[in-house]
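Some notes on the structure that comes next.
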Amino acid sequence: MLLDQEVHAAEFERTFIAIKPDGVQRGLISEIIARFERKGFKLVAIKIVVPSKEFAQKHYHDLKERPFFNGLCEFLSSGPVIAMVWEGEGVIKYGRKLIGATDPQKSEPGTIRGDLAVVVGRNIIHGSDGPETAKDEISLWFKPEELVTYTSNAEKWVYGNN
Ligand code: GDP
Ligand code: MG
């Protein structure tokens, strides 16, 4: 029989979030992590990595026909990226809300891009846009054993018991 927490853990979805090289260089790692953490989402994987250009092309393969594709991949591979997996109820969709619109000129104040970025080419953060991309991106960036399953102490207060 599953314990209550294990039932919860099994239900939670996961999303891939990356702080891009501009966010890292601007000293925004803790600011960005804090927003996901304070919301009540749970960090289950994290690493710092400089992706190769080939890897960046894989990550952004959906955009390969776009005029900015090459510059985007060069930029993503230009320095350290913080790669993370966050877990929680509705985390894929709500993570995108925390992040804000792609173009920071259109992101609402209060969102990460709205508060901390100015132009679309330097919008500091990536977040998966749906369940399928979340699955693909998590497996591109992380080995299964790099993801940690645990019950956070806060969970019963974030979710309650009923
Ligand atoms: P996201 O899911 O909100 O990150 O947006 P997309 O998946 O549409 O695009 C991926 C990334 O490509 C964005 O986060 C931007 O960094 C970049 N990007 C998107 N549109 C443009 C654009 O019109 N010009 C430039 N320079 N970069 C763009
Ligand atoms: Mg996208």
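The figures follow:
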| read-out | value |
| --- | --- |
| Residue in the stretch 128-148 that is within 9 Å of ligand 1 (Cβ to nearest atom) and not in a helix (DSSP H, G or I) present | yes |
| Hits in the stretch 114-162 - residues which are surrounded by 14 or more Cβ atoms within 10 Å (Cβ to Cβ) and on the phi > 0 side of the Ramachandran plot | Ile124 |
| Selected residue (criterion: nearest to ligand 2 (Cβ to nearest atom)) from residues of the stretch 123-132 that are under 27 Å from Glu11 (Cα atoms) and in contact (Cβ under 8 Å) with a residue 24 or more places away in the chain | Asp129 |
| Pair list, Cβ < 9 Å and 6+ apart or interchain, from the stretch 52-71 residues that are more than 16 Å from Phe142 (Cα to Cα) to residues that are open to solvent by 90 Å² or more (accessible area, probe 1.4 Å) and more than 14 Å from ligand 2 (Cβ to nearest atom) | Lys53/Glu74 |
| Residue under evaluation Pro144, criteria (1) away from ligand 2 (no atom under 16 Å from the Cβ); (2) closer than 25 Å to Leu28 by Cα, criterion not met | (2) |
| Residue match in the stretch 90-99 (condition: within 12 Å of ligand 1 (Cβ to nearest atom) and small (Gly, Ala, Ser)) | yes |
| Matching residues, the stretch 133-161, being among the basic types (Lys, Arg) and at pLDDT 95 or above | Lys135, Lys143 |
| Lone qualifier among Phe68, Phe75 - being surrounded by 13 or more Cβ atoms within 10 Å (Cβ to Cβ) and near ligand 1 (Cβ under 8 Å from one of its atoms) | Phe75 |
| Members of the stretch 100-113 that are without any contact (Cβ under 8 Å) to a residue 60 or more places away in the chain, open to solvent by less than 30 Å² (accessible area, probe 1.4 Å) and of a type outside the set (S, T, N, Q) | Gly100, Pro104, Arg113 |
| Wholly enclosed helices (runs of 4 or more DSSP H) of the stretch 40-122 bearing at least 3 residues within 16 Å of Ala18 (Cβ to Cβ) and within 16 Å of ligand 2 (Cβ to nearest atom) | 53-59, 69-76, 91-99 |
| Given (1) of a type in the set (Asp, Glu); (2) more than 14 Å from ligand 1 (Cβ to nearest atom); (3) open to solvent by 70 Å² or more (accessible area, probe 1.4 Å), number of the condition Glu87 does not satisfy | (3) |
| Within the stretch 90-99, tally of residues that are in contact with a Gly (Cβ under 6 Å, 6 or more places away or on another chain) and open to solvent by less than 30 Å² (accessible area, probe 1.4 Å) | 2 |
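The values are calculated or read from the model by the stated rules, or taken from the named source; none is laboratory data. All values reported here derive from a predicted model rather than from experimental measurement. All Cβ positions, glycine included, derive from the backbone under ideal geometry; neighbour counts span all protein chains shown. Side chains included, ligands, DNA and RNA excluded: accessible areas come from the protein's heavy atoms. Shrake-Rupley method; radii C 1.70, N 1.55, O 1.52, S 1.80 Å.
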